[in-house]
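What follows is a short report on a single structure.
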């Protein structure tokens with residue numbers, strides 16, 4: 001049992017769990033059978049069983065049963081349910097369309113009923129049941145109020161509200177200016193831009209997977225792997241001093257992880273070229289600057305010539321394509337930076353402390 | 001009697017069953033409301049506060 005626990009703890013460290021989640025993400029979307037009623041039930045049973053068995057471990061129980069964290073546990077199940085529901089409906093509609101039949105939503109839209117009493121009465125009952133659940137919840141789990149704030153004692157770990165924990169996790173890899181301002185700003189701008197970039201009417205008003213494969217995979221990658229997973233890591237697996245702890249690991253406040261992160265400029269000038277760092281910031285950071293400029297401005301043009309992206313370039317036109325691909329590349333900067341950190345202990349590609357410009 | 005009443009053709013739900021759901025949930029709401037007031041009233045520090 002101890003060996004299994006240690007193994008899970010080991011593989012839940014971000015470098016492994018992130019890679020594993022990429023593999024699981026790919027396999028799950030690939031396997032059609034998971035998105036049926038039977039497959040959904042199987043996933044629910046497996047996840048619930050694993051969760052219940054894990055609850056036997058006191059360290060795991062302490063973290064997930066914390067009143068603050070209970071909603072996040074529920075959120076994991078709810079996100080899983082809605083993911084299953086949308087893909088189940090999408091795959092089922094794809095089968096209907098392939099058989100030449102109208103989609104489920106289309107045949108359903110022909111059925112009409114009155115708002116009162118069918119809708120309003122059932123909504124009212126839902127409201128009453130939800131109120132009952134919330135009251136029981138508030139009685140059973142006490143609000144996690146703490147002692148009066150003391151400016152000389154900061155809570156450790158000091159955590160943002162759950163919906164910001166993805167951003168707080170990004171702070172491990174990026175400068176606060178990037179993780180706290182630029183990336184969240186681009187997430188909002190990017191989500192707002194989606195309807196203007198993606199004008200393909202397929203999938204409007206009905207679920208489908210086959211007709212919008214690339215877009216759905218891309219969105220789910222950003223939402224599940226880069227957003228929800230970071231929230232889960234930040235909530236359950238980050239302990240004192242923002243150190244990483246496996247799900248069955250004791251949150252040891254004295255755990256020390258030496259930070260040996262180095263900048264790209266240090267790797268190139270000192271480790272590879274064996275000379276000191278140049279004193280002028282531009283010369284010192286030239287490699288990072290060239291790399292970033294190439295990534296953000298040359299790569300989109302190069303990608304537009306590749307076979308896969310060419311059809312999107314032709315379909316979308318240059319303006320929409322370049323805005324879309326730039327947002328995509330900025331999103332991909334996160335996993336790229338994470339892997340560079342894990343593989344090479346890279347701190348920043350560009351580190352201009354003179355202007356607080358760190359990427 | 002011929003078993004459960006059939007739902008009307010212009011209705012989405014069978015209303016006798018919805019009424020039952022409503023009755024049970026309303027009773028549950030009454031019970032948890034009383035429970036909530038009692039739980040709030042019997043907090044251990046309230047007695048100390050009164051003293």
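The values are calculated or read from the model by the stated rules, or taken from the named source; none is laboratory data. For clarity, every value in this text was computed on a predicted model and none was experimentally measured. Heads up, the Cβs are rebuilt from the backbone with ideal geometry, glycines too, and the neighbour counts pull from every protein chain shown.
Which condition number in (1) at the interface with another protein chain (Cβ under 9 Å from one of its Cβ atoms); (2) surrounded by 11 or more Cβ atoms within 10 Å (Cβ to Cβ) is the one that residue A:111 fails?
Of everything listed in (1) at the interface with another protein chain (Cβ under 9 Å from one of its Cβ atoms); (2) surrounded by 11 or more Cβ atoms within 10 Å (Cβ to Cβ), residue A:111 misses just condition (2).
Let me spell it out: the conditions are (1) in a helix (DSSP H, G or I); (2) without any contact (Cβ under 8 Å) to a residue 24 or more places away in the chain; (3) more than 14 Å from chain B (Cβ to nearest Cβ); (4) over 22 Å from residue B:13 (Cα atoms), and residue A:87 meets all of them except one. Which number is the exception?
(2)
If a residue has to be over 13 Å from the mean Cα position of the chain (by Cα), assigned to a helix (DSSP H, G or I) and free of Cβ contacts under 8 Å to residues at least 60 places away in the same chain to count, how many in the range A:158-183 make the cut?
5
Here's the yes/no breakdown for (1) assigned by TED's automatic domain parsing to the domain that holds residue A:200; (2) touching a strand residue (DSSP E or B) at 6+ places or on another chain (Cβ under 8 Å); (3) touching a residue at least 40 places away in the same chain (Cβ under 8 Å):
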| site | (1), (2), (3) |
| --- | --- |
| A:309 | no, no, no |
| A:320 | no, no, yes |
| A:324 | no, no, yes |
| A:331 | no, no, yes |
| A:337 | no, yes, yes |
| A:342 | no, no, yes |
| A:347 | no, yes, yes |
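Can residue A:224 be described as assigned to a helix (DSSP H, G or I), touching a residue at least 12 places away in the same chain (Cβ under 8 Å) and farther than 30 Å from residue A:68 by Cβ?
no
When you go through A:130, A:145 one by one, which is the residue that is more than 9 Å from chain B (Cβ to nearest Cβ) and assigned to a helix (DSSP H, G or I)?
A:130
Do we have residue A:192 as more than 14 Å from chain B (Cβ to nearest Cβ) and touching a helix residue (DSSP H, G or I) at 6+ places or on another chain (Cβ under 9 Å) here?
It is false that residue A:192 is more than 14 Å from chain B (Cβ to nearest Cβ) and touching a helix residue (DSSP H, G or I) at 6+ places or on another chain (Cβ under 9 Å).
Could you figure out which of (1) over 18 Å from the mean Cα position of the chain (by Cα); (2) facing chain A (nearest Cβ under 10 Å); (3) in a helix (DSSP H, G or I) isn't true of residue B:11?
(3)
If I ask for residues that are in contact with a helix residue (DSSP H, G or I) (Cβ under 8 Å, 6 or more places away or on another chain) and either part of a loop (DSSP other than H, G, I, E, B) or farther than 15 Å from residue A:340 by Cβ (or both), which ones from the range A:264-295 would you list?
Listed by number, the residues that qualify are A:269, A:275, A:276, A:277, A:278, A:282, A:284, A:285, A:289.
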